[in-house]
Amino acid sequence: MAFASLGLTDLPPTPMMIIGIVVLLLSVVAYENWRLTRMIHRSGYHGVGLSGSYARHRPWQELSPWMRALRVGILICWAMMMISISTVGAIETAALGQPKIADAPFVHPHEIKGGVRFFTDRQEKIYAVAKPLMIGSWAVTLALMLAVGRIEESWRKRKQQDLLDRVATEV
């Protein structure tokens, strides 16, 4: 309902194609990651990786519910950011071909590429939602990524220290 009231169901074809491509690429990456993880798990090999070091990130099965929620939150915020960036970009690109002087359908002024361009009412409604959503989702994604990065780094150091302690006690 909210999408229809904002006119988001009538987006130009370019952002819809970009959204479709992003969803397709995410699906392929998720499938390949799942397939590779399953192959490694089935092989029974859980030792040192190709680079000679242990895994930097924990497998999904070892994560606590909070860490899973953080990772899913990052993915959702990133997807929202990509969709809103595509929408804002499509509106600003379309505005480059619109008049520099207000007339009947074009009444909302915006600074685009160093010049003032006018948006239609529908473009203004969509832009008013997409622009703050783009900035907000970028900030939330960055904050979540930093939090997960610090937690994973402390986990990696703790695991490395446990390994060193185990090796030292065996000698």
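Quick notes
- Leu70 being open to solvent by less than 90 Å² (accessible area, probe 1.4 Å), closer than 18 Å to Gly136 by Cβ, modelled with pLDDT under 65 and not small (Gly, Ala, Ser): no
- Pairing residues of region 28-53 that are in a loop (DSSP other than H, G, I, E, B) with residues that are open to solvent by less than 100 Å² (accessible area, probe 1.4 Å) and at pLDDT 65 or above, at Cβ distances under 8 Å and at least 6 apart in sequence or on separate chains, gives His46/Ile40.
For (1) assigned to a loop (DSSP other than H, G, I, E, B); (2) closer than 23 Å to Pro65 by Cα; (3) touching a residue at least 24 places away in the same chain (Cβ under 8 Å), each residue gets a yes or a no:
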site: Met82; (1), (2), (3): no, no, yes
site: Pro105; (1), (2), (3): yes, no, no
site: Val129; (1), (2), (3): no, no, yes
site: Leu144; (1), (2), (3): no, yes, yes
site: Ala168; (1), (2), (3): no, no, no
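- Subset of region 148-166 (residues that are in contact (Cβ under 8 Å) with a residue 60 or more places away in the chain and open to solvent by 40 Å² or more (accessible area, probe 1.4 Å)): Ile151, Arg156, Lys159, Gln160, Leu163
- Residue in region 116-127 that is part of a helix (DSSP H, G or I), open to solvent by less than 50 Å² (accessible area, probe 1.4 Å) and either charged (D, E, K, R) or modelled with pLDDT under 80 (or both) present: yes
- Filtering region 73-104 to residues that are open to solvent by 50 Å² or more (accessible area, probe 1.4 Å) and either under 19 Å from Thr141 (Cα atoms) or at pLDDT 90 or above (or both) leaves Leu75, Ile76, Trp78, Met80, Met82, Ile83, Ile85.
The values are calculated or read from the model by the stated rules, or taken from the named source; none is laboratory data. Fair warning: this is a prediction, and the values are worked out from it, not measured in the lab. Here the Cβ is made from the backbone with ideal geometry for all residues, glycine too, and neighbour counts use every protein chain on show. We work out accessible area using only protein heavy atoms, side chains counted, and drop any ligands, DNA or RNA first. Shrake-Rupley method; radii C 1.70, N 1.55, O 1.52, S 1.80 Å.
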